[in-house]
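Q: What follows is a structure written as structure tokens; I'll ask about it next.
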Amino acid sequence: MFLPSTFGFNPDRKRNLSFLDQASYITVLLSYILIAISEVFASITGLEYAFTKAPKNMRSLVMSIFLFMSAVSSALGEAFVCA
């Protein structure tokens, strides 16, 4: 049996957001902004290293290792956050 109030949704409730509700939205927004900025910095660093420091015949290998490690770290982050 489905009870709407069980899942936090109540159609009779007014949409008055308290300060704590607004603060949680602000903290989520700020965290996403900081994550986006860090991803940009990490990608630029990886690309620069792969195309300036690595030998010409190993650029794709260096870039693939960088992207693989980025994927592993993202998967670990999702595993810890969603649990």
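All of the numbers you see were taken from the coordinates with simple rules; none came from a lab. All of these numbers come straight from a predicted model, not from anything done at the bench. When we count neighbours, we look across all protein chains shown, and the Cβ atoms used for this are built from the backbone with ideal geometry, even at glycine.
Q: Residue by residue through the range 54-69, note down the ones that are farther than 22 Å from V81 by Cα and either surrounded by 10 or more Cβ atoms within 10 Å (Cβ to Cβ) or of a type in the set (V, I, T) (or both).
A: The answer is A54, M58, R59, S60, L61, V62, M63, S64, I65, F66.
Q: Moving on to the next point. Can you go through S64, S74 and tell me which one is more than 28 Å from V28 (Cα to Cα), assigned to a helix (DSSP H, G or I) and within 23 Å of the chain's Cα centre (by Cα)?
A: After applying the criteria, what remains is S64.
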